[in-house]
Amino acid sequence: MKHCYATYRPFLLCMIFLLLGLQQLMGQGISYRAQSLYIYKFTRYVSWPSESQGDTLVIGVFGSSPIEDELKLMASLKRAAGNRPISIKPIEGLGGLSYHLQAPAQPLHILYVPSSKSRQLTAILQFLDQRPVLVVAERGGLARRGACVNFMVTEDDILRFEYNQSKLGELQLRVGEELLRLGFKVR
């Protein structure tokens, strides 16, 4: 009996790791849909200064991320506050960010920073130079480092967000109380 267990042990370990990996991948797909729903709420409950309104609400995705497809689907079905259309723009690096910031007809309103690009957050924030852009980070703890909002998963696997109230104030972004009640304020 002991010999039989030893023979199948590597196979069982591989199966366990495979199942855990599949669970994580499935969870990420659900997570991106939930994140896109929160971002849609941001388009409805965040107010930008009048000089940066524009006819279309523009959401940039810094680098590549699976959320881009979810955001495009959301944008095709929903509209932002004021019945404005929503446009999703892929942004490749700081050069791409520079290009989008130069387009005054369609100012950038929200910038999504996936966890794979979170190490560039400081450079992104310096590059934005206090422009009223709602920076939404995918990795927990980044609101303390200057992002306006970051997503986090609670212990019971519920997607929530943290927000940096002082950063929102610096950028003159006003957020509705009903939205702030869904998140956690960081200091």
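The values are calculated or read from the model by the stated rules, or taken from the named source; none is laboratory data. Since we're looking at a predicted model, the values are computed, not measured. Heads up, the Cβs are rebuilt from the backbone with ideal geometry, glycines too, and the neighbour counts pull from every protein chain shown.
Brief remarks on what is shown
- Matching residues in segment 35-79 - criterion: being aliphatic (A, V, I, L, M) and surrounded by 17 or more Cβ atoms within 10 Å (Cβ to Cβ): ILE39, VAL46, LEU57, VAL58, ILE59, VAL61, ILE67, LEU71, MET74, ALA75
- Taking the criterion of being hydroxyl-bearing (Ser, Thr, Tyr) and either touching a residue at least 60 places away in the same chain (Cβ under 8 Å) or over 15 Å from ILE124 (Cβ atoms) (or both), the residues of segment 72-105 that qualify are SER76, SER87.
- Here the condition is being at pLDDT 95 or above, more than 17 Å from GLU51 (Cβ to Cβ) and of a type in the set (A, V, I, L, M); of VAL136, VAL153, it holds for VAL136 alone.
- Boolean, GLN106 is surrounded by 13 or more Cβ atoms within 10 Å (Cβ to Cβ) and either among the acidic types (Asp, Glu) or part of a loop (DSSP other than H, G, I, E, B) (or both): yes
- Which numbered condition SER65 misses (of (1) in contact (Cβ under 8 Å) with a residue 12 or more places away in the chain; (2) farther than 26 Å from GLY169 by Cβ; (3) part of a helix (DSSP H, G or I)): (3)
- Figure legend. Inter-residue proximity from segment 106-133: first residues closer than 25 Å to GLU70 by Cβ and polar (S, T, N, Q), second residues at pLDDT below 95 and part of a helix (DSSP H, G or I), beta-carbon distance below 9 Å, spacing 6+ or different chains. Indicated pairs: GLN106/HIS100; GLN120/GLY93; GLN120/LEU94.
- Residues in segment 144-181 that are assigned to a loop (DSSP other than H, G, I, E, B) and either free of Cβ contacts under 8 Å to residues at least 24 places away in the same chain or farther than 21 Å from ARG33 by Cα (or both): ARG144, ARG145, GLY146, THR154, GLU155, ASP156, ILE158, LEU171, GLN172, LEU173, GLY176, ARG181.
- Looking at ALA123, ALA105, ALA75, just one residue is at pLDDT below 90 and more than 20 Å from LEU180 (Cβ to Cβ), and that residue is ALA105.
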